[in-house]
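What follows is calculated from the coordinates using simple rules that are stated; it is not laboratory data. Just so it is clear, the structure is predicted and the values come from calculations on it, not from any experiment. Here the Cβ is made from the backbone with ideal geometry for all residues, glycine too, and neighbour counts use every protein chain on show.
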Amino acid sequence: MTLIELIMALVIISVGLAGVMVAFSTVVKSSSDPLIHKQMLALAEEMTEEIALKAYAPAANAAPINACARNTFNDILDYNGYNASAICDIDGTAIPALASYSISVTVLDDAVTLTGVTAKKITVNVVHGAEAMTLLGWRTGYAL
C-alpha cells in the first residue's frame, strides 16, 4: 500500500463518517425526549379513564373549590371545557413535578349513535412546551 492510497482511503472514510454524523445529528436534534411523550400519554390516559368512569347522564353538582379541582364532578359532561394550566390531582392540589404540563378536555354531548346507543366523544389535550398530544375516547350510554 502506497502513501497516496493510504491518504485516499482516509479521505473517503472521513467523508463517509462526516455524512453519517450529520445524519445522526439531525435525527437526534429533531427527536423529542421519549420521557415527555410517555408522561403526556399517561396524563391523557388517566384523565380519559377518570372521565369514562363517571356517570353518563347529567346530574347536578356543586361548584369545585378551585379551578383545578375535579372532586365535585359527578358526570362526564362536567369535564366539558375543563382547562388546567397545571396538572392537579382530583382534589385540586397541584403536582409540582408536572408544572410544565397543561391539560384541556372537551366532551361532545351525544356526538354519535352507534347501532342505537348514544355515545359522547371525549377529547383530552395535553401540552408541554411546543409538544402536544390529543387522545380521543368514546363513552356510550349503555346503561340507559
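Mind checking Rg over Rh on the chain, alpha carbons, Kirkwood formula for Rh? Numbers along the way, then the final one.
On the way: Rg = 24.9 Å, Rh = 18.5 Å.
That ratio equals 1.35.
Using mean Cβ contacts within 10 Å as the protection proxy, how do 71-81, 91-101 order, highest first?
Averaged packing, sorted descending, gives the order 71-81, 91-101.
222 nm [θ] for the chain, helices only, -39500 (n - 2.57) per DSSP H run of 4+, per residue, to 500?
So the calculated ellipticity at 222 nm is -11500 deg cm²/dmol.
Using a 10 Å cut-off around each Cβ, can you sort VAL127, VAL117 from fewest to most neighbouring Cβ atoms?
VAL117, VAL127
Rounded to the nearest 10 degrees, what's the angle between the helix 34-52 long axis and the longest principal axis of the chain, both from Cα atoms, 0 to 90?
Taking the Cα atoms of the chain, the angle to 34-52 is about 20 degrees.
Cα axis of helix 3-30 to longest principal axis of the chain: angle in degrees, 0 to 90, nearest 10?
The angle comes out at about 10 degrees.
Ranked highest first by average number of other Cβ atoms within 10 Å, how do 118-124, 56-62, 135-141 line up?
Most protected by this proxy first, the peptides run 118-124, 135-141, 56-62.
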